[in-house]
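What follows is one structure encoded as structure tokens, with my remarks underneath.
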There are 2 protein chains.
Amino acid sequence: MVTWFGQRPQRVEVPRLRARGVSHPSVKVDIASLTPDLMHFLGQAAYMELGEFESLARAVATAPNLAAKEGLSAAAGRALSKHHGLITEIRRRGAEPDEAMEPFVAALDHYRAQTQGGDWHELLLSCYLTGGLLEDFFVRLSDGLPRDIGPRIALLLGEDSGSFVLVHELQDAINANPALGSRLAMWGRRLVGDTLLLARSAMPVLDPVTSTESRSEPVFTELIAAHTRRMDGLGLTA
Amino acid sequence: MVTWFGQRPQRVEVPRLRARGVSHPSVKVDIASLTPDLMHFLGQAAYMELGEFESLARAVATAPNLAAKEGLSAAAGRALSKHHGLITEIRRRGAEPDEAMEPFVAALDHYRAQTQGGDWHELLLSCYLTGGLLEDFFVRLSDGLPRDIGPRIALLLGEDSGSFVLVHELQDAINANPALGSRLAMWGRRLVGDTLLLARSAMPVLDPVTSTESRSEPVFTELIAAHTRRMDGLGLTA
């Protein structure tokens with residue numbers, strides 16, 4: 001059995017605190033040029049975590065057994081607590097949370113609807129993969145935020161999301177039913193595409209001189225590597 | 001406008017800490033004879049709070065605007081945190097949370113399905129009235145638990161549940177639409193019936209000598225009084 005738990009420290013969390021033995025792109029990224037302004041970042045990340053919470057809460061409500069329900073409720077609580085941590089930062093700056101999140105509602109609701117899956121296991125895989133990828137992404141971008149807040153945000157978003165219960169439930173189901181594994185592998189490939197497009201749209205618009213595309217490539221390479229490790233951990237082909 | 005906030009201290013919270021000027025039944029209730037054993041109490045209360053969380057999370061997901069969504073997410077977080085507080089007490093006693101909750105799943109799921117309402121406002125009223133009544137009920141019963149845990153449980157369950165957002169949304173909607181008020185008043189009367197039956201079933205079975213019915217009556221009188229105050233606060237006829 002693949003030990004997902006052993007792999008966790010390799011996840012792309014805070015770039016300043018990289019795990020030993022993990023290769024990283026040699027291209028130096030000026031992350032600040034890819035990071036949106038602070039309130040944009042906070043509003044978008046806060047609504048992302050609220051959506052992650054809603055998806056996990058739906059997984060709680062539709063869980064087939066009490067042990068899964070209980071584990072998922074803890075994961076939902078963690079997403080909610082990250083959301084409220086971001087809301088606190090928004091309020092601390094005198095802004096209204098709903099106004100800060102409003103610009104991102106349409107795109108994120110559409111994304112959430114597209115990626116919620118057709119059954120409970122697809123929903124779990126979505127929570128796990130898109131939650132992981134988007135948190136990695138916002139942690140990475142937070143490096144370009146002002147120094148009095150960036151590290152705090154990285155710490156908040158990088159906190160354990162309680163996803164071991166998702167991994168556990170998915171692994172058990174895949175082991176018991178190889179056909180489910182094939183279906184989930186396809187679903188995972190679809191999810192990563194949609195999620196990377198969403199992440200791309202979170203960055204500032206193209207700069208014609210040094211294009212955002214070329215500067216953002218190393219970031220996406222890291223995100224995809226972490227995604228591939230998550231898929232591998234489940235025994236799924238990325 | 002009725003000031004719900006001013007009324008809150010009158011809510012039946014911890015009987016040992018009664019608010020000034022509130023009349024109470026003169027019949028002395030031996031609450032310990034009505035309180036189930038500790039693990040029964042914890043499993044049932046924990047699953048009740050998990051259900052309250054699920055209902056609130058559904059209200060978050062279906063909220064018509066971001067400000068309501070945000071306020072409800074905080075209320076959902078509080079129900080979840082009470083749930084996890086009870087789970088901690090279950091674990092502290094060496095029991096498994098899912099085993100402790102299992103005996104109550106069928107009845108509470110059935111109750112939850114009956115009381116979830118046909119639209120968002122009915123769902124909000126359910127969260128508010130049934131959450132309030134059941135928390136009052138378990139706080140009251142906790143007085144019969146062992147002294148090393150009862151007061152802690154009363155404190156946990158009696159904590160502010162963030163329900164001001166429910167009251168605010170319901171009052172606004174009722175003021176804007178009197179027909180909704182009539183419909184919600186009927187819905188509230190149905191909810192209290194179902195909820196009192198559920199509460200009754202949480203007590204030990206009838207004792208033929210001094211029947212549970214007569215001993216539990218003062219408790220139900222208090223619960224109904226608090227329910228009536230909630231309805232009044234919304235301008236609804238209980």
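Only the coordinates and a few stated rules stand behind these numbers; no lab work does. All values derive from a computational prediction rather than experimental measurement. When we count neighbours, we look across all protein chains shown, and the Cβ atoms used for this are built from the backbone with ideal geometry, even at glycine.
Some values worked out for this structure:
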{"quantity": "Neighbour-count order for B:215, A:200, fewest beta carbons within 10 angstrom listed first", "calculated": "A:200, B:215"}
{"quantity": "Length-normalised contact order of the range B:31-233 in % [C-alpha pairs under 8 Å, at least 6 apart]", "calculated": "28 percent"}
{"quantity": "Packing-based exposure ordering (other Cβ within 10 Å, fewest first) of B:101, A:186, A:48", "calculated": "A:186, B:101, A:48"}
{"quantity": "Per-copy distances of the residue A:32 label point, shortest first, in nm (7 angstrom along Cα→Cβ)", "calculated": "6.8"}
{"quantity": "Shielding of A:66-76 by partner chains, average beta-carbon count, 10 Å", "calculated": "5"}
{"quantity": "Separation of the residue B:106 and residue A:33 label points, Cα + 7 Å toward Cβ, nm", "calculated": "6.6 nm"}
{"quantity": "Likely footprinting exposure, B:126, A:81, fewest C-beta neighbours within 10 Å first", "calculated": "A:81, B:126"}
{"quantity": "Alpha-carbon centroids, the range B:65-142 and the range A:129-193: separation in whole Å", "calculated": "28 Å"}
{"quantity": "P(r) weight above 24 Å for the range B:31-233, C-alpha pairs, percent", "calculated": "39 percent"}
{"quantity": "Percent of C-alpha pairs per 10 Å bin, the range B:29-145, short to long", "calculated": "14, 42, 31, 11, 1"}
{"quantity": "Residue-span extension gain [residue B:88 to residue B:152] - 0.36 nm each, minus C-alpha spacing", "calculated": "21.8 nm"}
{"quantity": "Net +/- balance of residues flanking residue B:81 in space, Cβ distance below 15 Å, scoring K and R +1, D and E -1", "calculated": "-3"}
{"quantity": "Projected label distance in nm at residue B:114 and residue A:176, using a 7 Å step from Cα toward the beta-carbon", "calculated": "3.1 nm"}
{"quantity": "Closest Cβ on chain A to the rotation axis that carries it onto B (distance rounded to whole Å)", "calculated": "A:57, 2"}
{"quantity": "Whole-Hz couplings from phi, Karplus 6.51/-1.76/1.60, listed for the range B:137-147; x for Gly and Pro", "calculated": "4, 5, 4, 5, 5, 4, 5, x, 7, x, 5"}
{"quantity": "Built amide H within the under 5 Å cut-off of residue A:116, gap 5+", "calculated": "none"}
{"quantity": "Shielding by partners, peptide A:84-96 (average Cβ within 10 angstrom, other chains)", "calculated": "1"}
{"quantity": "Label geometry 7 Å along the beta-carbon vector: residue A:149 inter-copy distances in nm", "calculated": "4.4"}
